[in-house]
Amino acid sequence: MEIKVVQDAKSIDADILVVNLFEGENTSSDLANKYAIDEDNFKGKFGETYLLPTYGKEVYKKVLVLGLGKKEEFNPDKMREAIAKAVKKSMQMEAKKVAFSLDGIEFDYSEQFTLGAFIADYAFDKYKSEKKDNKVKEVYVQANAEIVEKATKIAEAMSFARNIANEPAQFATPTELASIACDLGLDTKIYDKEECEKMGMGAFLAVARGSIQEPKFIHMKYQVDNPKKKIAIIGKGITFDSGGLDIKPPSSMLTMKDDMSAAACILGVMSIIREFHPQVEVHGIIAACENMPGNGAYKPGDILTAKNGKTIEVDNTDAEGRLTLADALCYACELGVDEVIDLATLTGACMVALGTQASGIMGNDDEFVRTLIDTAARSGERFWQLPLWDDYFDSLKSDIADMKNTGSRWGGASTAGVFLKKFVKDVKWAHIDIAGTAFFEKPQKEFIAGATGAGVRTLLNYILEQ
Ligand code: BES
Ligand code: MN
Ligand code: ZN
């Protein structure tokens, strides 16, 4: 799909011209009147669509009236969802050329228009022997060309991330993630098991031990002269989370190929970063491995030593993400960066608290956290702050080591947060739990079922705004 910015969408010989209608108002295009919209059946409620023929009297073949709901309730998030709806409708009708003539919208919709169109355009059909050929090829719209161009790149990075996260665990192995990282054309270093041992990454390596898949520690660098800031972004990269010896029940294991969604997000961000030439140094870091209960598997009761020398008593092998992140955080903090942001499908507890509607965010600097929450909101994602009080550490106290990796059932997202905090030193740090937002089991708003590319939009906008 390609988005073309035009002056007058109505002059395009499109298969479908999309016009909008706010509930209870008239379409400015008066097409609705001309071709007799049935007002009893279509009032312009949000998400409703109404198709009108043009009887060969216009350059476009059909008009799709897109309901946007009440004007006073309309906002950029609804814009993105509505455009996705129109694109999906166009796909159903096998329209190849779709023009949008949008009126009366009181904000610059260019970014959300572009994101909505590309999110709707996404399909993961590489394993279908019969592929649908229902893609919209050209989209025409009156919008800000520069913003459309920027948002197109962000959307590409999202699709890149979604493809990686949707890939089954049998293919998206740590080695495969490393090879994808190397192909991005950045200055990239892959540390194998022996090198990780030398660096003292005892927590990360313990998780990897139960799998025949070799662990890979991935470090991608985007560098510029005299950077305004140095940022490290870390993504949890468990390519499959069986739970390990504390094995998950089948229903919980079913979607666990998605446990590298955060790694996919980092790869998505790093895949496009050079095209924006941001004046910041960005380090993309992934500790990739598989959590399996194989022969060498780490066991409950084992004591691990992380890169910073802290010892961890394994309470539950299914709390593996924080162990891999512990070493990744230590590594990142040694790079001399100003800020570290980690993303992870870390806790079911975060998903219980916030559902699939928001990611949880915690950090050691409230202003930093607030900036990320604002950036997310403007990017069309939701981050919601969860507490990171030291009290949550009580349940992680160990009799024989510096800490355990899990404690009580309660407050699981914050407990994981305070665990991670023990491996952060002298930097601004934020932790984003995307357990609920990274992968949808059924379609939700503009997304089909599967990976969502959570975090990509926000991280890119955050980097671009420095
Ligand atoms: N990868 C899971 C968290 C998860 C759960 C992500 C559901 C997405 C959807 C993580 O490794 C995990 O297993 N966490 C445990 C922690 C527990 C053992 C303290 C959990 O949340 O149950
Ligand atoms: Mn787990
Ligand atoms: Zn996990």
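Of all residues in segment 230-277, which are surrounded by 19 or more Cβ atoms within 10 Å (Cβ to Cβ), of a type in the set (A, V, I, L, M) and within 11 Å of ligand 1 (Cβ to nearest atom)?
Ile238, Met256, Met260, Ala262 - these are the residues of segment 230-277 that are surrounded by 19 or more Cβ atoms within 10 Å (Cβ to Cβ), of a type in the set (A, V, I, L, M) and within 11 Å of ligand 1 (Cβ to nearest atom).
Can you tell me which condition Thr239 does not meet? The list is (1) in a helix (DSSP H, G or I); (2) within 14 Å of ligand 3 (Cβ to nearest atom), and all the others hold.
Checking Thr239 against (1) in a helix (DSSP H, G or I); (2) within 14 Å of ligand 3 (Cβ to nearest atom), the one that fails is (1).
Of the conditions (1) in a loop (DSSP other than H, G, I, E, B); (2) under 20 Å from the mean Cα position of the chain (by Cα), Ala413 fails just one. Which one is it?
Result: Ala413 fails condition (1) only.
Ala181 fails exactly one of the following numbered conditions: (1) out of contact with any Phe, Trp or Tyr (no Cβ under 8 Å at 6 or more places or on another chain); (2) surrounded by fewer than 22 Cβ atoms within 10 Å (Cβ to Cβ). What is the number of that condition?
(2)
Determine the pairs where a residue that is in contact (Cβ under 8 Å) with a residue 24 or more places away in the chain and closer than 12 Å to Gly450 by Cβ, located within segment 250-264, has a partner that is outside any helix (DSSP H, G or I) and near ligand 3 (Cβ under 10 Å from one of its atoms) with Cβ atoms under 6 Å apart, the partner being 6 or more residues away or on another chain.
Listed pairs, sorted by first residue: Lys257/Phe240; Ser261/Thr345.
Look through Thr324, Thr345, Thr317 and report the one residue that is polar (S, T, N, Q), within 14 Å of ligand 1 (Cβ to nearest atom), in contact with a Pro (Cβ under 8 Å, 6 or more places away or on another chain) and at negative phi.
Details: Thr324 fails: in contact with a Pro (Cβ under 8 Å, 6 or more places away or on another chain); Thr345 fails: in contact with a Pro (Cβ under 8 Å, 6 or more places away or on another chain).
Matching residue, one of Thr324, Thr345, Thr317: Thr317.
Looking at segment 177-197, is at least one residue under 20 Å from Ile434 (Cα atoms) and more than 16 Å from ligand 2 (Cβ to nearest atom)? So that I can check it myself, show each step before the final result.
Of the residues in segment 177-197, the ones under 20 Å from Ile434 (Cα atoms) are 177.
Narrowing the set further to residues that are more than 16 Å from ligand 2 (Cβ to nearest atom) leaves 177.
Yes; the residues of segment 177-197 include at least one that is under 20 Å from Ile434 (Cα atoms) and more than 16 Å from ligand 2 (Cβ to nearest atom).
Hey, Phe217 hits all of (1) within 26 Å of Glu313 (Cβ to Cβ); (2) within 16 Å of ligand 3 (Cβ to nearest atom); (3) touching a helix residue (DSSP H, G or I) at 6+ places or on another chain (Cβ under 6 Å) but one; which does it fall short on?
(2)
Scan segment 403-443 residue by residue and report those that are among the charged types (D, E, K, R) and within 16 Å of ligand 2 (Cβ to nearest atom).
Narrowing segment 403-443 to residues among the charged types (D, E, K, R): 404, 409, 421-422, 425-426, 428, 433, 441-442.
Selection gives Lys404, Arg409, Asp433.
What helices (runs of 4 or more DSSP H) completely inside segment 247-334 contain at least 2 residues that are within 16 Å of ligand 2 (Cβ to nearest atom) and not assigned by TED's automatic domain parsing to the domain that holds Thr458? Show your work before the answer.
Working: elements: 250-253, 261-276, 321-333.
Output list is empty.
What is the number of the single condition among (1) farther than 19 Å from Leu346 by Cα; (2) in a helix (DSSP H, G or I); (3) touching a strand residue (DSSP E or B) at 6+ places or on another chain (Cβ under 9 Å) that Val207 does not meet?
Unmet condition: (1).
Please specify each residue of segment 140-151 satisfying the condition of being within 24 Å of the chain's Cα centre (by Cα) and closer than 15 Å to Ala84 by Cβ. Working first, answer last.
Pass one, segment 140-151, residues within 24 Å of the chain's Cα centre (by Cα): 146-151.
Ala151, the sole residue that qualifies.
Provide a single number: the residues in segment 370-404 that are among the basic types (Lys, Arg), free of Cβ contacts under 8 Å to residues at least 24 places away in the same chain and within 23 Å of Leu464 (Cβ to Cβ).
Start the filter on segment 370-404 by keeping residues that are among the basic types (Lys, Arg), which leaves 370, 378, 382, 397, 404.
Adding the requirement that they be free of Cβ contacts under 8 Å to residues at least 24 places away in the same chain leaves 370, 397.
Cutting the leftovers down to within 23 Å of Leu464 (Cβ to Cβ) gives us 370.
Looking only at that region, the number is 1.
The values are calculated or read from the model by the stated rules, or taken from the named source; none is laboratory data. Because the structure is predicted, anything quoted here is derived from the model rather than measured. Glycine also receives a Cβ, built like all others from the backbone with ideal geometry; neighbour counts cover every protein chain displayed.
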